[in-house]
Amino acid sequence: MTATAEIIDGTAAAVRAGRRARTRRRTIAVAALVILLIGLSIAMLTLGNTVYPLGDLIAVMLGNDVPGASFTVGTLRIPRTLTGVLAGVAFGVAGVTFQTMLRNPLASPDVIGITSGASAAAILSLIVLGWGSGATMTLALLAGVGTAVVIYIAARGGTSTGGRLILIGIGIGAMLDAVVAYLLVRAQVYDVAV
């Protein structure tokens, strides 16, 4: 065997060992997070104004009627816990999708200006137009989508890269943050107070 072949074999073995170690670390991290999620979910289901023992929680989960606990746990706490878990999963998937699409681990809606567009529209709706919460949320959603479209169209000129999109998004986000600051400074105190 030549010296080059020995170096290649040694390098390949080191790469395989590194991959195994990374896979092991990721598996341990995911397992720890799943255990933490289960523990916090159990705590959320059992703790509250009325603390229910774990046995009552298991009985309710199995469909047995436990006085007091069936309504509180089954109707109030389980939906709230599932909603929290599913919202966390949705945020995680959205973040990973966003970062994968832009090929940048630092990319997020607040970095590229989408959040600034939504907040500028919400402030405009509340302070200038005097709209209620439903119309404000709708306008903020539409403005966030509109801001994303504007950033995407502005970044398309020439070659469309993730870096170009992020830089244009940061610039548009800064301009929209200035709009928010201006509206808050010019607004009456009682309009801005929470």
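Read-outs throughout are calculated quantities, based only on the coordinates presented, and are distinct from any laboratory measurement. All values reported here derive from a predicted model rather than from experimental measurement. Cβ coordinates were reconstructed from backbone atoms using ideal geometry, including for glycine residues, and neighbour counts include every protein chain displayed.
A few comments on the model shown:
- Listing of helices (runs of 4 or more DSSP H) fully contained in region 1-113 that carry 2 or more residues being among the charged types (D, E, K, R): 3-46
- Matching residues, region 32-74, being surrounded by 16 or more Cβ atoms within 10 Å (Cβ to Cβ), more than 22 Å from LEU86 (Cα to Cα) and among the aliphatic types (A, V, I, L, M): ALA59, VAL66, ALA69
- Long-range neighbours under 7 Å by Cβ, at least six apart or interchain, first residue under 13 Å from LEU124 (Cα atoms) and without any contact (Cβ under 8 Å) to a residue 40 or more places away in the chain within region 134-147, second in a helix (DSSP H, G or I) and of a type in the set (Ser, Thr, Tyr): ALA135/SER125; THR136/SER125; LEU139/SER125
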